[in-house]
Structures are given as structure tokens and as C-alpha cells.
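Novice: My questions all concern the structure below.
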Amino acid sequence: MIIRPKVRGFVCVTAHPTGCAANVQEQIDYVKKQTPVEGGPINVLILGASTGYGLSSRVAAAFGAGANTLGVFFERPSERGRTASPGWYNSVAFEKQAKAAGLYASSINGDAFSKDIKDQTLERIKADMGKVDLVIYSLAAPRRTDPETGEVYKSTLKPIGSNYSNKYLDTDKRTIQMAELDAATDEDIRNTVKVMGGEDWELWIQALKDSDLLSDGCKTVAYDYIGPKVTWPVYKEGTIGRAKLDLRRAKAAINETIGSIDGAAHVAVNKAVVTQASSAIPGVNLYITILFKIMKELGGHEGCIEQMARLFKDRLYNGGEVPVDGLGLIRMDDREMGEAIQNAVAEVWPKVETDTVDELTDFVGYQEEFLRLFGFGVDGVDYQAEVEPEVDFE
Ligand code: NAD
């Protein structure tokens, strides 16, 4: 069939297998051009391995450090002529390339919050890898079922304390609108922390430790975001920010759990990039369009793969101490948060209106990157050609 994008708000309901494979290949090619990671990880478990930062972590581990990788994700396979979700196509393409390069690569598709998927993962590591020496935690999920009680928690993106209204970009209509968000209830805060906080990260590390599947000196990393003041009411100081604070609590708890095997837990604060998760956050997409224009002009613009290649080479496996800030966080957002960049964003933000979107933001670049997440608009792909939507792991 011929597959075209069908965008509905902040998702695209179709995906292109050849385009997704080409995206993965571009990431692999980027990493192979960098100097290899010396003393990098050997066996890596990536939770949330199919898109965004998790996929790029997997590519950086495999093709930058020659690591074996086990990826866990929650994606929709193609069936009855319907296209798969992009993470499915990405993972099929990744595995194929990793195996062709002589690397072990295996994937588990299912709910990472569940006990069943944790048990399957432990079994797979035991059978195929022995132990893992790096665990990447890169889940971004709208809901979580508690594995003990069966209760379903939903995460929200709400301000805390008072209602909030601020500009956002309506990407369908290319207009600047005002977002009116009601203040979170205590329950909203608790639920968001349950889904996006550190509890599940802790459960994973505890389960791996209890099964003796963590190597001495292992590392584990979860991803955080801070961003600029204009997004704080909805991000850093909102419900999602509380969940991110909980990651830092979990980091300390995990350090206790793995201290006896010389392990270390980290939280890395990453740069704002276009992913399925970030495009759903009101206001953050407007910030990203402004940021991209400024960073492309002033320098330092990066996507997921550039960030993750740097995380592995300059931070996690730099041959010495992992550099952290005063709060103990790895700052991959150092370039985004640079003074010149942030001053320029603050100057542009109040001036952006519907009729200045094209002039003041990189809306075109944002749209292109958004479509690329689903495999559309990738150089060298013939979108007029018939393509088989059902692709599977070999
Ligand atoms: P993403 O939407 O691209 O990826 C999410 C991943 O989680 C996918 O692999 C998906 O399959 C998996 N997943 C979701 N629910 C799952 C479940 N129940 N079981 C198993 N897998 C599941 O997201 P992303 O933007 O790469 O975000 C990853 C992390 O990086 C998040 O913690 C996010 O807050 C953080 N981060 C993102 C940005 C950004 O700008 N996108 C910036 C800084 C930090």
C-alpha cells in the first residue's frame, strides 16, 4: 500500500516503515562517525527503547560502544492492513542493523509497569546476557496500572496551586492560542507521580538486583527535564515536575540498593526535543519552535541522537567521574540553558503572535521533525512506492 501521514492533533495515526528504518539508519550513521566510547557498557537494558531518547540511547550503546541491547517498549504491531506505530518499525529496523553488525539485540513488547513484562525481561537477561551493566529508564507513559493493586493511575500536565493561562501553538491551525489549565488537585499530583515518578524505576532495579542480574559497578540513568521559566508553571512547577522530583528521590533510594555492588544511579536532564511525549505538552511545543530557530542560528542545536552520543561519551563513560551539577544531576541541557540562548528565547516569546509564527519560530522545522517521528519526509525515501505495512522481528 501507499502510506500517507494522517495527523490528528498531536499524533499521526499512520507510520511509514521505510521512513522509520531510514531514521534509525541516520542515527546509526551519526554515531558511527563519532569516536567510539572507550570502556563503554557491555550489556544494556533500555526501558522505553523504541522512540525518542530511549531509542537514541540504544543506538548510542550499540553502535557507539558495541554493546548488546535488550529493549522494552509498548508499541502496536501492524495488523489487518493498518500500519504499526513508529516505535515498532524503529525497533525492527534497529534489531536488523544491530544483528548485521554482529551485536546481540532483542526486544520485548508489552507494559513495562507490569510484573509479567518484568519477569519476561529477567528471564531473557538470564538466558541471553548473563548480567546487565547499564539500565536506561526512558519511559514516557500516560497511565500506569499498579502491579500490586491493579489500580490505574493517569498522569496529567497541570499547574499546581492556581489556574494558569499561557500561550501555546496550535500546530493544526498554525495559530497562537491561550491555554487555560485548571490547577491540579492533590489526586492529580499523586497520580502523575505514580506514573512518571521513580517508583517503577526502583521496582525494576530491585527486581534485577534480587535476581542477581546487575554487574558490579553497574550504572542506571533516568531522564529529566527542567527548561526555561516560561514553561515552569506547566512543567517544572506542575504535576510532571513533581514526578521528576520523585525521580531524584528514587535515585537516592536506588543508590542504597546497588551500593553494595558499587553501582550508581543518575538522573540526566536532557534538552527539549520533538518527540511524541513532548508534542503533547501545552506551551512546550511553542517554546521548542522558538528554541530551535535560535539554536540553529546561534549554534548548539541537537536532537536525541546527538544528546545521547554525548551522554555516553562525555558523561557516563568519560574514563573518570561522571560530571554532575550542585543537585547531583547530569546536565545534557547545558547548551539549551546557556545564557545567550535563554535571553534570546525570553525576548522572542512575548512577541510571537499568529502572524509572526513563521518569522520568529522554526515552525516549519518543527513540523518536519514531527512528521519524521512517524517516518514521513525522510530524505531518500520514495513515498509514492508501494510498501508492505506488516514487518516483523526476524
Ligand atoms: P517517547 O514518547 O519518544 O518514548 C517513550 C517510550 O516509552 C517509547 O519507547 C514507548 O514505547 C515507551 N512506553 C510508553 N509506555 C510504556 C509502557 N507502559 N511499557 C513499556 N514501554 C512504554 O518519549 P521521550 O520524549 O523520549 O521521553 C523519554 C524520557 O525522556 C521521559 O522521561 C521524558 O520526560 C524525558 N525527556 C524528554 C524530553 C523531550 O523534550 N522529549 C526532554 C527531556 C527529558
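The values are calculated or read from the model by the stated rules, or taken from the named source; none is laboratory data. Computed from a predicted structure; not experimentally measured. Note: ideal-geometry Cβ built from the backbone for every residue, glycine included; neighbour counts use all protein chains shown. Just the protein is used for accessible areas: all its heavy atoms, side chains included, with ligands, DNA and RNA removed. Shrake-Rupley method; radii C 1.70, N 1.55, O 1.52, S 1.80 Å.
Novice: If a residue has to be assigned to a loop (DSSP other than H, G, I, E, B), in contact with a Gly (Cβ under 9 Å, 6 or more places away or on another chain) and not charged (D, E, K, R) to count, how many in region 156-191 make the cut?
Specialist: First, pick out the residues of region 156-191 that are assigned to a loop (DSSP other than H, G, I, E, B): 156-163, 171-174, 182-185.
Okay, now just the ones that are also in contact with a Gly (Cβ under 9 Å, 6 or more places away or on another chain), so 156-160, 171-172, 183-184.
Still in the running and not charged (D, E, K, R): 156-157, 159-160, 171, 183-184.
Result for region 156-191: 7.
Novice: Restricting attention to region 114-130, which residues are open to solvent by 20 Å² or more (accessible area, probe 1.4 Å), within 13 Å of the ligand (Cβ to nearest atom) and outside any loop (DSSP other than H, G, I, E, B)?
Specialist: K115, D116, Q120
Novice: Pick from region 348-381 the residues that are in contact (Cβ under 8 Å) with a residue 24 or more places away in the chain and open to solvent by 80 Å² or more (accessible area, probe 1.4 Å): which of them is farthest from the chain's Cα centre (by Cα)?
Specialist: Here is the first cut: in region 348-381, the residues in contact (Cβ under 8 Å) with a residue 24 or more places away in the chain are 348-349, 352-354, 357, 360-363, 365-367, 369-381.
Of the ones still in play, those that are also open to solvent by 80 Å² or more (accessible area, probe 1.4 Å) are 353, 379-380.
On the way: E353: 29, D379: 23, G380: 26 Å.
Only one residue tops the list, namely E353.
Novice: Can you work out which of the residues in region 197-255 that are within 11 Å of the ligand (Cβ to nearest atom) and of a type in the set (D, E) is nearest to A272 (Cα to Cα)?
Specialist: D224
Novice: Now for a separate question. From the list I330, I240, I288, I341, exactly one residue is buried (at least 22 other Cβ atoms within 10 Å of the Cβ) and farther than 21 Å from L157 by Cβ. Which is it? Before the answer, list the steps.
Specialist: Values: I240 fails: farther than 21 Å from L157 by Cβ; I288 fails: farther than 21 Å from L157 by Cβ; I341 fails: buried (at least 22 other Cβ atoms within 10 Å of the Cβ).
Going through I330, I240, I288, I341 in turn, just one is buried (at least 22 other Cβ atoms within 10 Å of the Cβ) and farther than 21 Å from L157 by Cβ: I330.
Novice: Filtering region 132-149 down to residues that are assigned to a loop (DSSP other than H, G, I, E, B) and within 12 Å of the ligand (Cβ to nearest atom), which residue is farthest from L316 (Cα to Cα)? First the steps, then the outcome.
Specialist: Filtering region 132-149 for residues assigned to a loop (DSSP other than H, G, I, E, B) gives 138-142, 146-149.
Cutting the leftovers down to within 12 Å of the ligand (Cβ to nearest atom) gives us 138-142, 147.
Details: S138: 16, L139: 19, A140: 22, A141: 25, P142: 29, P147: 31 Å.
Among those residues, the one meeting the criterion is P147.
Novice: Still on this structure, I have one more. Sort out which residues of region 25-40 are closer than 15 Å to A105 by Cβ and touching a Phe, Trp or Tyr at 6+ places or on another chain (Cβ under 7 Å), and write them in order of number.
Specialist: Once the filter is applied, which keeps residues that are closer than 15 Å to A105 by Cβ and touching a Phe, Trp or Tyr at 6+ places or on another chain (Cβ under 7 Å), region 25-40 yields I28, V31.
Novice: Please determine whether any residue of region 224-240 is in a strand (DSSP E or B), in contact with a Gly (Cβ under 9 Å, 6 or more places away or on another chain) and within 18 Å of L327 (Cβ to Cβ). Steps first, please.
Specialist: Our first condition is that a residue be in a strand (DSSP E or B); within region 224-240, this holds for 224.
Now restrict to residues that are in contact with a Gly (Cβ under 9 Å, 6 or more places away or on another chain): none.
The answer is no; no qualifying residue exists.
Novice: Follow-up question, since we're still on this one. Which one is most open to solvent (accessible area, probe 1.4 Å), of the residues in region 2-16 that are among the hydrophobic types (A, V, I, L, M, F, W, C) and outside any strand (DSSP E or B)? Before the answer, list the steps.
Specialist: Initially, region 2-16 is screened for residues among the hydrophobic types (A, V, I, L, M, F, W, C), giving 2-3, 7, 10-13, 15.
Still in the running and outside any strand (DSSP E or B): 2-3, 10, 13, 15.
Values: I2: 63, I3: 6, F10: 109, V13: 67, A15: 0 Å².
So, considering only residues that are among the hydrophobic types (A, V, I, L, M, F, W, C) and outside any strand (DSSP E or B), the one most open to solvent (accessible area, probe 1.4 Å) is F10.
Novice: Mind listing just one residue for me: the one in region 327-341 that is in a loop (DSSP other than H, G, I, E, B) and farther than 17 Å from N255 by Cβ and, of those, farthest from the ligand (Cβ to nearest atom)? So that I can check it myself, show each step before the final result.
Specialist: First, pick out the residues of region 327-341 that are in a loop (DSSP other than H, G, I, E, B): 327-329, 332-338.
So of that shortlist, the ones also farther than 17 Å from N255 by Cβ come out as 332-338.
Numbers: M332: 8, D333: 7, D334: 13, R335: 13, E336: 9, M337: 12, G338: 16 Å.
So the residue we want is G338.
Novice: Scanning region 291-317 for residues that are open to solvent by 20 Å² or more (accessible area, probe 1.4 Å) and within 23 Å of A252 (Cβ to Cβ), which turns out nearest to the ligand (Cβ to nearest atom)?
Specialist: Taking the candidates together, the pick is R315.
Novice: Hey, another quick one. Assess whether N109 counts as being free of Cβ contacts under 8 Å to residues at least 60 places away in the same chain, polar (S, T, N, Q) and within 10 Å of the ligand (Cβ to nearest atom). Steps first, answer last, please.
Specialist: Values: free of Cβ contacts under 8 Å to residues at least 60 places away in the same chain: yes; polar (S, T, N, Q): yes; within 10 Å of the ligand (Cβ to nearest atom): yes.
Yes, satisfied.
Novice: Let me ask you something else. If only one of K173, K167 is open to solvent by less than 70 Å² (accessible area, probe 1.4 Å), modelled with pLDDT under 95 and within 30 Å of E369 (Cα to Cα), which one is it? Steps first, please.
Specialist: Working: K173 fails: open to solvent by less than 70 Å² (accessible area, probe 1.4 Å).
None of the other options fit; the residue is K167.
Novice: A further question follows. Go through (1) open to solvent by 20 Å² or more (accessible area, probe 1.4 Å); (2) acidic (D, E); (3) under 22 Å from the mean Cα position of the chain (by Cα) one by one and return the number of the condition E187 breaks.
Specialist: (3)
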